[in-house]
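Student: The structure is given below, and queries will be raised subsequently.
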Amino acid sequence: MIAAVRGEVMVRRPDHVVVDAGGVGYRLAVSSETLKAVPATGREVFLHAELISREDSLALFGFASEEERDLFGELISVSGVGPKVAMAALSGGPARELLRAIAAGDAKRFQAVPGIGKRTSERIIVELREKVAGALEEAVAAGLDDQGADPRGLARDGLINLGYAPLEAEQLLDGIESADPEELIATALRKAGTGKAA
């Protein structure tokens with residue numbers, strides 16, 4: 001399986017790039033987010049990759065970060081979301097932002113994507129929310145090594161790991177009381193979701 005491609009950019013298009021790696025030109029479908037990280041033709045690029053094998057085709061997808069590649073894998077695991085639709089979803093913003101939308105239950109964020117209707121966007125939230133929360137719990141658990149650590153501090157770190165700026169994290173935690181860091185994060189994410197919808 002092809003897990004990554006490093007080489008010279010031969011072709012750079014809105015939906016794909018061709019990378020010359022050791023004399024072989026690899027065509028990788030990319031999101032508009034990844035395309036921002038791809039340099040001009042003739043320059044070297046490194047992309048994480050995912051090879052999708054179908055009965056009648058082999059398709060290679062490229063990603064600027066492992067986080068985006070992992071989210072792509074999660075999205076295509078949802079019934080009704082194929083690789084093309086997943087790439088369209090990833091073009092809607094940075095992977096961290098999309099993860100936050102899933103954690104906050106923001107189905108409308110995905111309804112804006114061509115090929116994703118109300119039902120599918122709700123299915124994405126239902127099926128992936130726990131997985132995203134699981135990754136979040138791991139980030140919090142990693143911080144629990146400090147004995148007697150402050151739950152609010154851990155929650156703040158968890159929000160920062162999700163891509164929020166330190167000041168944003170503090171603002172989201174304002175007025176929330178709990179001794180459980182995970183509960184603090186979940187409440188802060190719901191607050192962020194309702195704030196965006198307003």
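Coordinate-derived values only; no laboratory data. Note that this is a predicted model, so its numbers are computed, not measured. Note that we place each Cβ from the backbone using ideal geometry, even for glycine, and neighbour counts take in every protein chain shown.
Student: Scan segment 44-54 and tell me whether some residue there is of a type in the set (S, T, N, Q) and touching a helix residue (DSSP H, G or I) at 6+ places or on another chain (Cβ under 8 Å).
Tutor: no
Student: I'm told Arg152 meets every condition in (1) without any contact (Cβ under 8 Å) to a residue 24 or more places away in the chain; (2) farther than 16 Å from Ala103 by Cα except one. Can you identify the failing condition by its number?
Tutor: (1)
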